[in-house]
Amino acid sequence: LDGYVGFANLPNQVYRKAVKKGFDFTLMVVGESGLGKSTMINSMFLADIYSSEYPGPSSRIKKTVQVETCKVLLKENGVNLTLTIVDTPGFGDSIDNSQCWQPVLDYIENRYEDYLNAESRVNRKAVLDGRVHSCLYFIAPSGHGMKALDIELMKKLHDKVNIIPVIAKADTLTPEECAHFKKQILNEIAQNKIKIYEFPDCDDEEENKVNKMMRERVPYAVVGSNTVVEVDGKKLRGRKYPWGTVIVENLEHCDFVALRNMVVRTHLQDLKDVTNNVHYENFRCRKLAGLGP
Ligand code: GDP
Ligand code: MG
């Protein structure tokens, strides 16, 4: 996955403009509580690694009880990226989960509303794009399909945001179980007519190769960790077990790196385009038709 394509394949003019201006991108995480959502975004984008001399208990990541956002400035492939991360409270804790996703849906709709209002103002140059460009949907590593709640929520989300399905805590599955689980999830997604983010086809052969590799890994099986383990003198994020060590950034252990690259490098622009051309348009149409959210 060394040869990133995304940015480099933008037409020169667009590319230069983008490099100068930088990108704004918003990523949301959704799913049942305890699946490692906060740990994952921490592993992907935030630098607070506990060293082995100073191991922080995992409870250092407090329970997420409301929608929380944070901004990170990243430099990816020479391009400045202002990433807004939206962490959401998990659900599934209460007996009645029927309203648990309201804060998530509200957040998405409100950002569209903000954008629409800003767009209709006179000075359109300064329109900030706070729309949610992708939603990592965490699925419990049960090994036997998704929960009814997940299917229901995905259906509520799929017309509003780019859903990227993720298998949480993949270190709890064997490679065979994981491969089987992936197939099962894709089947259920198809059977329930859930629309997840679709990788675009393009003319470039190199780019298609990368696309194929990334598409084949969906749903991404990930492992997150806030602790550092030492392997051959190198300090890496990982999880230690009696039988061995799982390295978060090793593609043979999980899809963490593929997912990260896809979201913030290769498919960032397409995720933004689909958000604008499909999901935001849906919102505007619903609005014009007076259907409410
Ligand atoms: P959230 O409620 O989805 O935000 O979950 P948290 O990030 O708060 O994590 C819940 C618990 O799961 C913590 O004890 C983490 O250390 C643990 N955890 C997080 N990621 C992983 C993972 O990839 N594998 C395993 N085995 N445990 C994890
Ligand atoms: Mg959390």
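The values are calculated or read from the model by the stated rules, or taken from the named source; none is laboratory data. Just so we're clear, the structure is a prediction, and the values are computed from it rather than from any experiment. Quick reminder, even Gly has a Cβ in these numbers, built from the backbone with ideal geometry, and neighbours come from all protein chains shown.
Taking the numbered list (1) buried (at least 18 other Cβ atoms within 10 Å of the Cβ); (2) assigned to a loop (DSSP other than H, G, I, E, B); (3) touching an Asp or Glu at 6+ places or on another chain (Cβ under 9 Å) in turn, ASP150 passes all entries but (2).
If the condition is being surrounded by fewer than 16 Cβ atoms within 10 Å (Cβ to Cβ), in contact (Cβ under 8 Å) with a residue 24 or more places away in the chain and either in contact with a Gly (Cβ under 6 Å, 6 or more places away or on another chain) or under 19 Å from HIS253 (Cβ atoms) (or both), then segment 185-216 contributes only MET213.
Taken over segment 159-188, the criterion of being closer than 15 Å to SER134 by Cβ and of a type in the set (Lys, Arg) is satisfied by LYS160 alone.
Being modelled with pLDDT of 70 or more, within 25 Å of ARG131 (Cα to Cα) and of a type outside the set (Phe, Trp, Tyr) is a property that holds for VAL29.
All of GLU230, GLU281, GLU249 fail the test of being in a strand (DSSP E or B) and surrounded by fewer than 17 Cβ atoms within 10 Å (Cβ to Cβ), apart from GLU230. From the list THR84, THR64, exactly one residue is surrounded by fewer than 16 Cβ atoms within 10 Å (Cβ to Cβ) and either at pLDDT 65 or above or in contact with a Pro (Cβ under 9 Å, 6 or more places away or on another chain) (or both). Which is it? Residue meeting the stated conditions: THR64.
Take the conditions (1) under 24 Å from CYS254 (Cα atoms); (2) more than 16 Å from ligand 1 (Cβ to nearest atom); PRO141 misses just one of them, which is (2).
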